[in-house]
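To start, the structure itself, in structure tokens.
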Amino acid sequence: DDLHAKVQAAFAAGDAPAVTDLEIASTGVFARSGMLEELTTYAERDKDQLQIDDFNPGLMGNAYVDGKLYGLPFMRSTPILYKNVTMLKDAGLDPAGPKTWDELEQYSRVLKEKGKVGMTVPIDIWFYEGLVAQSGGQMLSEDGKSAAFNSPEGVAPVEFWKKLSSEGLIKIPMGDEAGPTADKDWSNQLSAFKFASTAGVTGSLEIAKGNGFEMETSFMPSNVSYGVPTGGCQLVITSKSSDEEKQAAWEFLKWMTSKENTIYQHKHVGYLPTRLSAVESDELKAHFAEFPQFKVAVDQLEFARPRPMENAYPEVAKIIKEAIEKAILDPKVSPQDSLNQAAEKANKLLSK
């Protein structure tokens with residue numbers, strides 16, 4: 001949010017950077033307000049060099065706004081499940097699981113008896129989008145003009161979280177420190193699982209090694225199916241630069257999103273390899289064989305879906321988060337009622 005505000009302010013002042021790394025859900029707002037250079041003609045001109053079909057199709061849903069190309073995938077991610085395998089083995093649990101919501105609940109009951117919690121999970125819109133997808137639902141209607149998250153499929157995740165939280169099976173921290181609290185609980189072996197971006201694989205492996213436990217990763221557990229939102233950023237060019245700057249920026253975009261660079265970034269950080277040729281390369285095949293924790297997010301892309309890019313969605317996301325917090329914190333508030341109220345507010349913003 002801070003980066004986007006700074007770019008918008010710089011653009012208004014006539015001093016925008018030629019290139020910025022833009023969060024995917026904000027691409028629609030920036031593109032429709034005229035702040036971004038459309039990249040379709042550049043891509044067609046340099047199609048042999050760019051090889052746009054080599055980008056993973058699961059990551060391209062947010063690269064287009066209204067059918068036009070505005071970004072190239074860079075620093076892309078999905079949430080995955082991080083597991084303390086040592087803790088699971090000590091509790092007599094199969095480290096291959098939990099593969100479903102039911103298994104997550106069962107595992108958490110066993111872990112509670114050992115004085116642990118199954119998972120510390122912040123109310124993060126990204127994780128919620130995943131659970132809605134796993135339940136067979138959508139965040140918004142097909143035309144993006146109205147809320148769909150107050151459907152049974154959107155209510156199910158909140159009911160699930162509320163039930164597990166009320167029974168002390170999972171911990172749901174609130175406030176600005178919710179994310180760091182979840183990371184700390186996992187690092188300090190108070191909770192066995194965390195949802196987090198694939199961008200954290202390298203760092204989490206180091207934490208696990210330093211704290212003396214074995215770590216694995218797996219898909220987010222399924223409900224009626226697997227499902228996961230993609231996330232992260234894409235490189236874009238701002239529209240007010242000179243033609244010379246735009247051409248230089250395009251050269252930079254092509255270079256940054258090359259096969260070699262996506263391999264390097266994936267191996268050293270964990271962000272998804274954005275190109276199919278990178279995934280199929282001998283270098284990454286050897287890397288996955290040595291560190292299978294990195295491959296999970298790549299495989300999970302089969303079940304990925306783009307994030308909504310309606311102009312109002314960043315604001316709608318905040319309304320949804322507040323509604324989920326209210327439903328979980330207050331025993332008297334039902335998830336359905338809270339999400340219905342949120343949908344009313346969201347519809348006013350989406351229908352404008």
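The values are calculated or read from the model by the stated rules, or taken from the named source; none is laboratory data. These numbers come from a predicted model, not from an experiment. Note: ideal-geometry Cβ built from the backbone for every residue, glycine included; neighbour counts use all protein chains shown. The area values use the complete protein model at the heavy-atom level, side chains included, leaving out ligands, DNA and RNA. Shrake-Rupley method; radii C 1.70, N 1.55, O 1.52, S 1.80 Å.
Some points to look at:
- Criterion: open to solvent by 10 Å² or more (accessible area, probe 1.4 Å), acidic (Asp, Glu) and within 20 Å of residue 333 (Cα to Cα) - qualifying residue of 124, 185: 124
- The sole residue among 192, 199 that is aliphatic (A, V, I, L, M), under 22 Å from the mean Cα position of the chain (by Cα), at pLDDT below 95 and closer than 25 Å to residue 124 by Cβ is 199.
- Taking the listed residues 116, 162, 194, 171, the one that is buried (at least 16 other Cβ atoms within 10 Å of the Cβ), closer than 18 Å to residue 80 by Cβ and among the basic types (Lys, Arg) is 194, with no other qualifying.
- Any chance residue 86 is over 18 Å from residue 277 (Cβ atoms), in contact (Cβ under 8 Å) with a residue 40 or more places away in the chain, out of contact with any strand residue (DSSP E or B) (no Cβ under 8 Å at 6 or more places or on another chain) and surrounded by fewer than 22 Cβ atoms within 10 Å (Cβ to Cβ): yes
- Just one of the numbered conditions (1) in contact (Cβ under 8 Å) with a residue 40 or more places away in the chain; (2) out of contact with any Lys or Arg (no Cβ under 8 Å at 6 or more places or on another chain); (3) surrounded by fewer than 18 Cβ atoms within 10 Å (Cβ to Cβ); (4) polar (S, T, N, Q) is not true of residue 141: (1).
- Of the criteria (1) among the acidic types (Asp, Glu); (2) open to solvent by less than 40 Å² (accessible area, probe 1.4 Å); (3) within 21 Å of the chain's Cα centre (by Cα), which one residue 1 fails: (2)
- Residue in segment 244-259 that is outside any strand (DSSP E or B), modelled with pLDDT under 95 and of a type in the set (S, T, N, Q) present: no
- Considering segment 117-189, the qualifying helices (runs of 4 or more DSSP H), each wholly inside and each with 3 or more residues that are farther than 29 Å from residue 212 by Cβ, run over 125-134, 152-166.
- Residue that is modelled with the highest pLDDT, among those in segment 140-161 that are acidic (Asp, Glu) and under 22 Å from residue 309 (Cα atoms): 153
- Within segment 34-76, the set of residues being of a type in the set (S, T, N, Q), under 18 Å from the mean Cα position of the chain (by Cα) and open to solvent by 10 Å² or more (accessible area, probe 1.4 Å) comprises 56 only.
- Segment 309-328, residues that are open to solvent by 50 Å² or more (accessible area, probe 1.4 Å) and closer than 16 Å to residue 127 by Cβ: 318, 321, 322
- Residue in segment 329-346 that is nearest to residue 61 (Cα to Cα), counting only those that are crowded, with 20+ Cβ neighbours inside 10 Å and not polar (S, T, N, Q): 346
- Residue match in segment 13-23 (condition: under 20 Å from residue 312 (Cβ atoms) and either over 18 Å from the mean Cα position of the chain (by Cα) or among the small types (Gly, Ala, Ser) (or both)): no
- Taking the criterion of being in a helix (DSSP H, G or I) and in contact with a strand residue (DSSP E or B) (Cβ under 6 Å, 6 or more places away or on another chain), the residues of segment 287-340 that qualify are 293, 296, 297, 300, 303.
Yes/no matrix, rows are residues, columns are (1) hydroxyl-bearing (Ser, Thr, Tyr); (2) touching a helix residue (DSSP H, G or I) at 6+ places or on another chain (Cβ under 6 Å); (3) without any contact (Cβ under 8 Å) to a residue 60 or more places away in the chain:
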{"site": "2", "(1), (2), (3)": "no, no, yes"}
{"site": "19", "(1), (2), (3)": "no, yes, no"}
{"site": "26", "(1), (2), (3)": "yes, yes, no"}
{"site": "29", "(1), (2), (3)": "no, no, no"}
{"site": "32", "(1), (2), (3)": "no, no, no"}
{"site": "35", "(1), (2), (3)": "no, yes, no"}
{"site": "40", "(1), (2), (3)": "yes, no, yes"}
